[in-house]
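Okay, structure first, notes after.
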Amino acid sequence: MRVIVFIKRGALLMKRLMTGNEAIAEAAIRAGCRYFFAYPITPQNEIPEYMALHLPEHGGVFLQAESEIAAINMVYGAAGAGARVMTSSSSPGISLKMEGISYIAAAELPCVIVNVMRGGPGLGGIQPSQSDYFQAVKGGGHGDYRLLVLAPASVQEAAGLTAEAFVLADYYRNPVLILADGIIGQMMEPVTFEDIKPGENIAKPWATTGARGREPNIINSLYLDPEELEEHNRKLFRKYEEMKESEQRAELYRMEDAELVLVAYGTTARIAMTAVDMAREKGLKAGLVRPISLFPFPERIIRSTIRQSSAYLAVEMSMGQMVEDLRLAVNGERPVYFYGRTGGVVPTAEEILERIEILAGGYEGCA
Amino acid sequence: MRLIKGYPVSLKEKEFHYCPGCTHGLAHRLIAEVLDELEIREEAIGVASVGCSVLAYEYFNCDMQQAAHGRAPAVATGIKRVHPDKVVFTYQGDGDLASIGLAELIHAANRGEKITVIFINNAIYGMTGGQMAPTTLPGQRTSTSPAGRSSSETGFPLKIAELLSTVEGVAYLARVSLHDPAHIVEGKRAIKTAFEYQLAGRGFSLVEILAACPTNWGMTPLKALEFVRDEMLKVYPKGVYRRLEK
């Protein structure tokens, strides 16, 4: 790790050059995470390695589990016991965790899960991908539930969102998923942690801490009476509605007079920004909406751009997943096109520009 | 008249849902008596598993977490790492522990997690209606081994106590049976010892309890107890399989 000193508004600002994975780990520790359980998998190994090295310095516990399944169930136990806890993995490992994540969501336990996505399906590859979008935003495991999903597009944002995820998890009593891709995890950028403070410790009177002088607390997801289970699911969904009301986030880039609106998150958004700049130089009125929250999908922000837009272009490192949520948000009022590379292939700005130019020429041949 | 034994405080006053002749009620009571005697009810955090005892959280009068099938030792690990000063135990059947949860069990044992596992071995899947378990005896008829378990096709009774006896993180390991009063007294002593090992911070402790399942074995409660005594104990000898010096 190198330390870089930047001059910002005349002041010295210490920035550290770190990978996204390391920044996520450091941010978690600063946010008060004291328990971390995980199993090795590329391309996220720097997170458990950083935790193994640094969490004990803060009185925390790092434990390498025997499997992703065991790791997420350790998270379930620790979260139920009232701790601020995190796990991380990459796509195939996240699939293994899905059983536990369903239980955690059902039992309304706060925790943070990091998925540094790689190409799939199956063992797939180890290069960056965004093909776990459906799994992330539609629940992923069995049953009616949602995760709060945040997608960073830089190392700095990965740190910030990770820290915030602990606050949101505690507030909503819900697992929060940081959905990054292999590039965000592996690339180095300058990052500062000056703004990251431990979130307020929300009281957890429901946690299993030993029933001293009180009635026993029970952490559970079993509802044998269908009426009760239905009411439980309705309660969960009232929470998800509150998330939709309060947590929709997106960044707008060169959208003031944009007519062709690109929609991309994470690494793809960074590349799309370059493509937008190149299009602007050619006089094409392109702009970008970069979703930061994937669940809730920032549909209000998308809706606010419909009047100015002539068409939308979703760009993803997948065969087309987020584009479905985009279509739901646009609701048929404008054409929605898709461009994606997958399997670990990263689209270039030139490729995206080509699609922009084709669309500018009359929206033909780009579906 | 003098009351020698009352209802354990560590057990909620709630009627069990277990079948007549099932060992779960007895095992629950013994654990509750041990929690009472060691005065650790308010320090205890139990983990219920998936199987007939899934509702254990409704019976034990202490903090409880319900775990996914087989994952109780991992859940208990998470709890114990957060609260090293509390007493953490799991309550698991043989389908849960010896089949789907074998990895979680062995690795929690090997890490020497300071938890206590109560393992109910009745050689069958109870809650789902009597299917074959890894612990089913050779020739034993179940709904998925209708002609009797064929060891050449489906393997042999998995002996958990013997399997764990070589694992260095295990501090105390015993197999007991609850088929008659003398064995019940012995069984309770083993449960108490297991909790004492946890309290002393010695490592992982497990008590395997041979149990009867009259409903799914298709026997009367008395016949089922005889089956435990005459058949199960032959395949699963009782005893202390590992015990670190105190």
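The values are calculated or read from the model by the stated rules, or taken from the named source; none is laboratory data. Predicted, not measured: the structure shown is a model, and the values here were computed from it. Reconstructed Cβ throughout: ideal geometry from the backbone, glycine too, with neighbour counts over all protein chains shown.
Listed by position, the strands (runs of 3 or more DSSP E) enclosed by the range B:45-151 that each have at least 2 residues that are within 13 Å of another protein chain (Cβ to nearest Cβ) and under 26 Å from A:Glu108 (Cβ atoms) are B:63-66, B:87-93. Here the range A:81-100 is the region considered, the condition is being part of a strand (DSSP E or B) and of a type in the set (Ser, Thr, Tyr), and the residue that is nearest to the other protein chains (Cβ to nearest Cβ) is A:Thr87. The sole residue among A:Thr305, A:Thr342 that is in a loop (DSSP other than H, G, I, E, B), farther than 24 Å from A:Gly120 by Cβ, outside the structural domain of A:Tyr145 (by TED's automatic domain parsing) and in contact (Cβ under 8 Å) with a residue 24 or more places away in the chain is A:Thr305.
Of all the listed residues (B:Leu206, B:Leu199), the sole one being at negative phi, at pLDDT 95 or above and surrounded by fewer than 20 Cβ atoms within 10 Å (Cβ to Cβ) is B:Leu199. Could you list, in sequence order, the residues of the range B:2-34 that are small (Gly, Ala, Ser) and under 19 Å from B:Gly51 (Cα atoms)? Residues satisfying the conditions are B:Gly21, B:Gly25, B:Ala27.
Within the range B:31-40, none of the residues are closer than 21 Å to A:Arg34 by Cβ, part of a helix (DSSP H, G or I) and within 12 Å of chain A (Cβ to nearest Cβ). Restricting attention to the range B:200-228, the residues that are over 19 Å from B:Leu105 (Cβ atoms) and touching a strand residue (DSSP E or B) at 6+ places or on another chain (Cβ under 7 Å) add up to 1.
When restricted to residues that are over 23 Å from B:Asn110 (Cα atoms) and either of a type in the set (Gly, Ala, Ser) or surrounded by fewer than 21 Cβ atoms within 10 Å (Cβ to Cβ) (or both), the range B:172-196 contains 10.
Scan the range A:42-58 and tell me whether some residue there is within 20 Å of A:Ala207 (Cβ to Cβ) and within 14 Å of chain B (Cβ to nearest Cβ). For the range A:42-58, residues within 20 Å of A:Ala207 (Cβ to Cβ) and within 14 Å of chain B (Cβ to nearest Cβ): absent.
Yes or no, residue by residue, for (1) free of Cβ contacts under 8 Å to residues at least 60 places away in the same chain; (2) in a helix (DSSP H, G or I); (3) within 30 Å of B:Val9 (Cβ to Cβ); (4) among the polar types (S, T, N, Q):
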position	(1), (2), (3), (4)
A:Gln130	no, no, no, yes
A:Ala159	no, yes, no, no
A:Ala163	no, yes, no, no
A:Leu168	no, yes, no, no
A:Val176	no, no, no, no
A:Thr208	no, no, yes, yes
A:Arg212	yes, no, yes, no
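Name every residue in the range A:23-38 that is away from every other protein chain (no Cβ under 11 Å) and in a loop (DSSP other than H, G, I, E, B), in order of residue number. A:Ala31, A:Gly32, A:Cys33, listed by residue number.
Of the residues making up the range A:245-268, those that are in a helix (DSSP H, G or I) and either touching a residue at least 60 places away in the same chain (Cβ under 8 Å) or surrounded by 17 or more Cβ atoms within 10 Å (Cβ to Cβ) (or both) number 3.
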